[in-house]
Amino acid sequence: MNMSFLNCGKAAASTLLLAMVVSSGASAATAEKAAAPAGPPQKVAVLDMGAALFNSERAKVIDQEMQKQTSDDQSKIRTLAEDGKKLQEKFKKDEAVMSDDEKRKNQEKLQEIGVQYQFLVEKLQKLTQDRRQQFQETYAPNLIKAITEVVQEENYDIVFRSEAVLHYRTGYDITARVTEKLNAQK
């Protein structure tokens, strides 16, 4: 008998409910009715709102614009990382023959590269975070409209955020359909 964890939980709850009702003097038939779900099964979906929004065509355009705007800083970050790596390799290779003054200067230069690198990385992270937040705030009404359209067209009773669901089959995921609705909006 192959029962999933969820079904085992339902069976145990049903048995417990049955035992409670029987022990209180009610009939077994009443207990089965109490354990049975009321009404037809509900149509359920799962949605990753972030993926729906950030996989949209508008988000891709904004991402491309951001890449263009930050390309100089990204290039500087790569250059600083390469320079730092080369300097570290040179230091390890030549450390035995370097004077204390050369070692100190090398460490200072390496530290300066690290500070510049960290500054640029944090600058880009903040800019990216700010842009994402601004995009979310600007297009939240569009996202809600797209979700509402999909829910109404498909007649869903419940839509869960994917972050709140431990496991689900991909057939329950409506993220791509919501993204399509977002892309269709003008």
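The values are calculated or read from the model by the stated rules, or taken from the named source; none is laboratory data. Nothing here was measured: the structure is a model prediction, and the numbers come from that model. FYI the Cβ positions are ideal-geometry reconstructions off the backbone, even for glycines, and counts take in every protein chain you see.
Quick notes
- Among residues of the stretch 52-63 that are at positive phi and outside the structural domain of ALA146 (by TED's automatic domain parsing), none has a Cβ under 9 angstrom from a residue that is in a helix (DSSP H, G or I) and buried (at least 18 other Cβ atoms within 10 Å of the Cβ) at a sequence gap of 6+ or on a separate chain.
- Flag if VAL178 is buried (at least 17 other Cβ atoms within 10 Å of the Cβ), among the aliphatic types (A, V, I, L, M) and over 11 Å from ALA45 (Cα atoms): yes
- Yes/no for GLU108 being part of a helix (DSSP H, G or I), farther than 30 Å from PRO40 by Cβ and not assigned by TED's automatic domain parsing to the domain that holds PHE54: yes
- Considered as a group, the residues in the stretch 50-62 that are surrounded by 15 or more Cβ atoms within 10 Å (Cβ to Cβ) and either of a type outside the set (A, V, I, L, M, F, W, C) or in contact with an Asp or Glu (Cβ under 9 Å, 6 or more places away or on another chain) (or both) include one that is farthest from ALA164 (Cα to Cα), and that residue is ARG58.
- Set VAL121, VAL150: member being over 19 Å from GLN69 (Cα atoms) and in the same structural domain as GLN69 (by TED's automatic domain parsing): VAL150
- Residue, modelled with the highest pLDDT, within the stretch 96-118, restricted to residues that are farther than 15 Å from ILE77 by Cα and surrounded by 12 or more Cβ atoms within 10 Å (Cβ to Cβ): LYS109
- When LYS93 is tested against the conditions (1) touching a strand residue (DSSP E or B) at 6+ places or on another chain (Cβ under 6 Å); (2) at pLDDT below 95; (3) not small (Gly, Ala, Ser), the lone failure is (1).
- Tally of residues being assigned to a helix (DSSP H, G or I), farther than 15 Å from ARG177 by Cβ and of a type outside the set (A, V, I, L, M) across the stretch 122-162: 17
- Taking the stretch 52-66 as the range and being of a type outside the set (Phe, Trp, Tyr) and either within 16 Å of LEU127 (Cα to Cα) or part of a helix (DSSP H, G or I) (or both) as the test, the residues that pass are ALA52, LEU53, GLU57, ARG58, ALA59, LYS60, VAL61, ILE62, ASP63, GLN64, GLU65, MET66.
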